[in-house]
1. Can you work out which of the residues in region B:238-254 that are of a type in the set (Ser, Thr, Tyr) and under 16 Å from B:Asp153 (Cβ atoms) is most open to solvent (accessible area, probe 1.4 Å)?
2. Which of the residues spanning region A:196-241 are more than 14 Å from A:Tyr350 (Cβ to Cβ), in contact with a Leu (Cβ under 8 Å, 6 or more places away or on another chain) and among the hydrophobic types (A, V, I, L, M, F, W, C)?
3. Would you confirm, using the coordinates I've provided, whether A:Ser165 is within 30 Å of B:Glu74 (Cβ to Cβ), of a type outside the set (Lys, Arg), surrounded by fewer than 18 Cβ atoms within 10 Å (Cβ to Cβ) and away from chain B (no Cβ under 14 Å)?
4. Of all residues in region A:337-361, how many are open to solvent by 50 Å² or more (accessible area, probe 1.4 Å) and more than 15 Å from the chain's Cα centre (by Cα)?
5. What number of residues in region B:294-318 are part of a helix (DSSP H, G or I) and either open to solvent by 20 Å² or more (accessible area, probe 1.4 Å) or not assigned by TED's automatic domain parsing to the domain that holds B:Arg24 (or both)?
6. Does B:Val196 fit the bill of being assigned to a strand (DSSP E or B), open to solvent by less than 10 Å² (accessible area, probe 1.4 Å), without any contact (Cβ under 8 Å) to a residue 60 or more places away in the chain and not aromatic (Phe, Trp, Tyr)?
7. Scan region B:255-269 residue by residue and report those that are assigned to a loop (DSSP other than H, G, I, E, B) and buried (at least 23 other Cβ atoms within 10 Å of the Cβ).
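The values are calculated or read from the model by the stated rules, or taken from the named source; none is laboratory data. Bear in mind the structure is a predicted one, so any value in this text is a computation, not a measurement. Glycine also receives a Cβ, built like all others from the backbone with ideal geometry; neighbour counts cover every protein chain displayed. Ligands, DNA and RNA are stripped out before the accessible areas are found, and what is left, the full protein with its side chains, is counted by its heavy atoms. Shrake-Rupley method; radii C 1.70, N 1.55, O 1.52, S 1.80 Å.
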Protein chains: 2
Amino acid sequence: MEFDLVIVGAGSGGYEAGLYAYRRGMKVAFVELSPETVGGSCLNRGCIPSKYMRHGAYLLEKLSKAQNYGIKVEKLSLDLRTLAEGRDQVVLTIRENFKKFAQKLGIPIFYGRGILKDKNTVYVEGSDITLKTRYILLATGSSCADLKDLPADGKRIFNTDQIWSLREFPRRMLIVGGGAVGVEFAYIFRMYGVDVVLVELLDRLLPSPDIPEESSRYLARKLKRLGVDVRLKAKVTGYSEEDGRLKVSISDGSVVEVDCILLGVGRKPNTEGIGLEEVGVEKDSRGFVKVNEYCQTSVENIYACGDITSPLMLAHKSMYEGKVAVSHMLEDRDNVRNDKLMPKIIYSAYEVASVGLTEDQAEDEGYDCAVGVVSFMSNPKAMDDGEDEGFVRLVVDKQTGNILGCHIVGPHAGELIHQVVHLMKANIRVDFLASSIFSHPSLSESIVQCAMEVHYGPISWVKRG
Amino acid sequence: MEFDLVIVGAGSGGYEAGLYAYRRGMKVAFVELSPETVGGSCLNRGCIPSKYMRHGAYLLEKLSKAQNYGIKVEKLSLDLRTLAEGRDQVVLTIRENFKKFAQKLGIPIFYGRGILKDKNTVYVEGSDITLKTRYILLATGSSCADLKDLPADGKRIFNTDQIWSLREFPRRMLIVGGGAVGVEFAYIFRMYGVDVVLVELLDRLLPSPDIPEESSRYLARKLKRLGVDVRLKAKVTGYSEEDGRLKVSISDGSVVEVDCILLGVGRKPNTEGIGLEEVGVEKDSRGFVKVNEYCQTSVENIYACGDITSPLMLAHKSMYEGKVAVSHMLEDRDNVRNDKLMPKIIYSAYEVASVGLTEDQAEDEGYDCAVGVVSFMSNPKAMDDGEDEGFVRLVVDKQTGNILGCHIVGPHAGELIHQVVHLMKANIRVDFLASSIFSHPSLSESIVQCAMEVHYGPISWVKRG
């Protein structure tokens, strides 16, 4: 069978690229491991099921303040089985819709491992089908990394592929890793009443250079307030099982007893055993596929997107890169891959959103920055909603007024940040944002307030001379 | 005392303009009726207290679906007194912060009615102070309009100045007017268990040409589903009081018995008795102050903003116009008043947001339009949040690709629409939006999906030929 484009991997990135290529008139086919893995890690074992559980946690937090709205909740009972059923139903619905939609459009999905035979040939192992194609897009995603000393068994020690099978809340759990996965699950389980110990090797949660320390600290304080036992600069040094519970030794000298452990410790790109070496697709030392700004690999008709192109493993990075790749196949050079412009959004006890440079990064790159910070504390909509914690930070190049970065912590940060993403992508300066239109009351107002702080200088509680 | 700028009215518009003028280096003073009215109608008797109550209603709706998240609420009790206390506390906090902030900055507030004596003189009645000033900004806002046949008494028949005194939920109420006020309060009271009859004279709710019929219909269906008795093309023809209840006759021939009536029937500009005629500030036949695109009145150093400049009575219109006026005083011509670019946002059983032209308006103006519609039904974040109703509509000029309007109904529409507001203000075309970056999963994704529908043509469940 002959196609314009064969996409190896029907996860978020592959799927989005496929639909986009279809829109642009290409004849497309997907290759995906099995009917159960359509949608990839994000849909089946990542952002979609975790955001469902996180919404439940968020509801519980809202409920704890419902009395301020004249709503008295007399009795509450919590149940992981029902939560998991609702979650799994959403995942199933999206996955089946994916498949039905592809079918209606006439885009075939071939099931099995896709292996490159030559630069125009993909062999689908399992289905034993060979596909000929002009272009190939590699979108094979990533897998959980293992910890040698803490092997996941899916019974007491879970990785993020396995945690979904849990059907009863543990009384006490330990989470290894204070990155996105760790802080999201710490919030989820804590709000559902679990005692959570969160262990992070470095000296802050969300220890990414793309996320300002202020965001991490702010989140850590809230998690602690909610009762999460946050241990920084710490690691698990050993464990033993006793009477069905785990005794875990931590490098700070303490020993905690828990019912289970969740590992949130990173992922590795799926770039082994799919014929990349045979057709000459180059990888770096960590196993990532080398791509240029148009997501083209070292073989010019073979492209790659998503988790296999860089350690920034975000579904929407993959979706964007998939579209960049397809556009390039169609000789459109307008869009290029850009990890910096990717919003990084974590849904924990707050929504934590970042795009572009932090103040530290901007200074390292030699910018003379103006930084504005505005709290949600005085935002009327945030006050009305009982969610007046958090802030908007803007990092701006003093010389040009260009917006270098934006960092929002607080209510709906994950949606709000898009306003700044678009303006950054369009190279629109902070003076425009400072004089744009914002509805009142809205959370978005804090963005314009912040832009005004940067553009006109801070207005403060201190009387001017 | 001599000032650069005296602002008559410290409501949302006046206050924002005052802070902005201060930032820009002007010596500013406010004139406001009394310490209790600082913040104006929006803060004290409008959007801020109603959004607080609406958040309670929204929480109750979320609670009704909490079981899907493994949260079983066994017993719930509702109480208007506590709701009202929380609400009034937020209003008070914002009002007092307003005053403290002005004081710290050294911006005086003179209490009393501001009356123009000549084009550089404002007399503050009550305080008996005369202020000399280079510029004057009129920001006097609006008042509830009366219905001759349904006189508000604050006991059984409430207008939107009076409804805040209610301390117990009525069993059954009638709301006159299906505009923003009517649909917001219908949702609030309904969710708190009140039987609500909503009477609207015209054939749709939110009967504004700026809001597409689709949005109105969608909202009406939901309100009905929640149990609101929506009566379109109907009006109150009479009423009588019997045994402490009101028997209200409706033009459809029915008679309903209710405990109280809320009037949501429009407002009139506050432009009487403040000396406008004496100094030559021109008004139109409806009492609105005539202004040019820079908010300048017929007297060149006197400006006006907000509810007194046009029937579009939105706090943020006033805030924006106030800044346009101050900018013009400082010889900045970049921004002009623009009712079309003002987002219109209603917080009812859905958030209903509109900016720019509807399809009907665009056609009337001679545009050849492309319209995209994308439902939240298939948006993964909306599904995770259990709020997958609503849609994004984009109205685009086929010839240029310019975005003419955007209309969102559904979760957080009031925040989401800002993404499009900024791009419209920056004259950025739909092709940019179609290829911008959106996080996954996010509600914002529905905006890019919609932009792609418009730009590349609809992708549908029908197989292409």
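1. Here is the first cut: in region B:238-254, the residues of a type in the set (Ser, Thr, Tyr) are B:239-240, B:249, B:251, B:254.
Cutting the leftovers down to under 16 Å from B:Asp153 (Cβ atoms) gives us B:239-240.
Working: B:Tyr239: 87, B:Ser240: 48 Å².
That would be B:Tyr239.
2. A:Val196, A:Val197, A:Leu198, A:Val199, A:Leu202, A:Val230, A:Leu232, A:Ala234, A:Val236 - these are the residues of region A:196-241 that are more than 14 Å from A:Tyr350 (Cβ to Cβ), in contact with a Leu (Cβ under 8 Å, 6 or more places away or on another chain) and among the hydrophobic types (A, V, I, L, M, F, W, C).
3. Yes.
4. 4
5. Within region B:294-318, the first condition is being part of a helix (DSSP H, G or I), and the residues that meet it are B:306-308, B:315-318.
Applying the additional criterion that residues be either open to solvent by 20 Å² or more (accessible area, probe 1.4 Å) or not assigned by TED's automatic domain parsing to the domain that holds B:Arg24 (or both) yields B:307.
Matching residues across region B:294-318 total 1.
6. Numbers: assigned to a strand (DSSP E or B): yes; open to solvent by less than 10 Å² (accessible area, probe 1.4 Å): yes; without any contact (Cβ under 8 Å) to a residue 60 or more places away in the chain: yes; not aromatic (Phe, Trp, Tyr): yes.
Yes: the conditions hold for B:Val196.
7. Applying the first criterion (assigned to a loop (DSSP other than H, G, I, E, B)) to region B:255-269 yields B:259, B:264-266.
Of everything in region B:255-269, just one residue is assigned to a loop (DSSP other than H, G, I, E, B) and buried (at least 23 other Cβ atoms within 10 Å of the Cβ), namely B:Gly264.
Per-residue answers, yes or no, for (1) outside any strand (DSSP E or B); (2) β-branched (Val, Ile, Thr); (3) within 11 Å of another protein chain (Cβ to nearest Cβ):
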position	(1), (2), (3)
A:Phe3	no, no, no
A:Ile7	no, yes, no
A:Gly13	yes, no, yes
A:Glu16	yes, no, yes
A:Leu19	yes, no, yes
A:Tyr22	yes, no, yes
A:Phe30	no, no, no
A:Pro35	yes, no, no
